[in-house]
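None of the figures in this text is laboratory data; all of them are computed from the coordinates on show. Predicted model, so just to flag it, every value in this text is computed and none were measured. Counting neighbours? That spans all protein chains shown, and the Cβs are built from the backbone with ideal geometry, glycine included.
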Amino acid sequence: MHLDGFGLFVKDMPTMVRFYRDVLGFEIKEAENTDNVYLIKDGTLFLLYGRNDFERMTNRQYSFAKGLNGHSEIALYVDTFADVDAEFDRAVKLGARPVLEPATEPWGQRTCYIADPEGNLIEIGSFGKPFGR
């Protein structure tokens, strides 16, 4: 098996599409008012599924986190420590919820956290060098 992508179950599709497209730069593959939306970030498939649609499809009900979702995170990498600070500030100005201000951790990573409109955690971090080096 190969990892094809990952997804989130969302309540408000248009708001979430606009956040991931306009704030974080994901490329959208469909209109924002569809039931399931495919986005791409750096060659990785990122899916947004309508919660109600998924429940209908599987004929089950699920519980979803309210507020900040501490069950998972989406990690985004930038090349420099300065980029961490700049991307945090930019994302917050565009509507991301600040969770953890940029800080340099003892293991050498500069990191910060924001949340999307439905409370999913997003890390922006760097080890001070380009990705993969």
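For the chain, what is the per residue volume of the convex hull drawn over the alpha-carbon atoms, in cubic angstrom?
Roughly 128 Å³ of hull volume per residue.
Which distance in nm do the two modelled labels at N69 and E30 give, with both placed 7 Å along the Cα-to-Cβ direction?
The modelled label-to-label distance comes out at 1.7 nm.
Calculate the spin-label point distance for F6 paired with Y49, positioning each point 7 Å from the Cα along the beta-carbon direction, and give it in nanometres.
Spacing of the two 7 Å Cα→Cβ label points: 1.5 nm.
In degrees between 0 and 90, to the nearest 10, how far off the longest principal axis of the chain does helix 81-93 point, with axes built from Cα atoms?
40 degrees
Considering the dipole of segment 1-69 built from charges on the beta carbon (Lys and Arg +1, Asp and Glu -1) around the Cα centre, which of I40, L68, M16 is farthest to its positive end?
L68
Taking the Cα centre of segment 34-133 as the origin, how large is its charge dipole in debye, to the nearest 20, when only Lys and Arg (+1) and Asp and Glu (-1) carry charge on their Cβ atoms?
Taking the Cα centre of segment 34-133 as origin, the dipole is about 200 debye.
Give the lysines reachable from K129 as a straight Cα distance under 17 Å; neighbours fewer than 8 places away on the same chain don't count.
List returned: none.
Net charge around G5, counting only other residues with Cβ within less than 15 Å of its Cβ (Lys, Arg = +1; Asp, Glu = -1)?
In short, -2.
At what distance in nm do the modelled label points of R56 and R18 sit from each other, each positioned 7 Å from its Cα along Cα→Cβ?
Spacing of the two 7 Å Cα→Cβ label points: 2.4 nm.
Given the peptides 96-107, 23-34, arrange them by the average over their residues of other C-beta atoms within 10 Å, most packed first.
23-34, 96-107
Tally Lys and Arg at +1 and Asp and Glu at -1 over the other residues with C-beta under 12 Å from the C-beta of R18: what net charge comes out?
Net of charged neighbours comes to -3.
What does the charge count near D85 come to, summing +1 for each Lys or Arg and -1 for each Asp or Glu among other residues with Cβ under 13 Å from its Cβ?
-2
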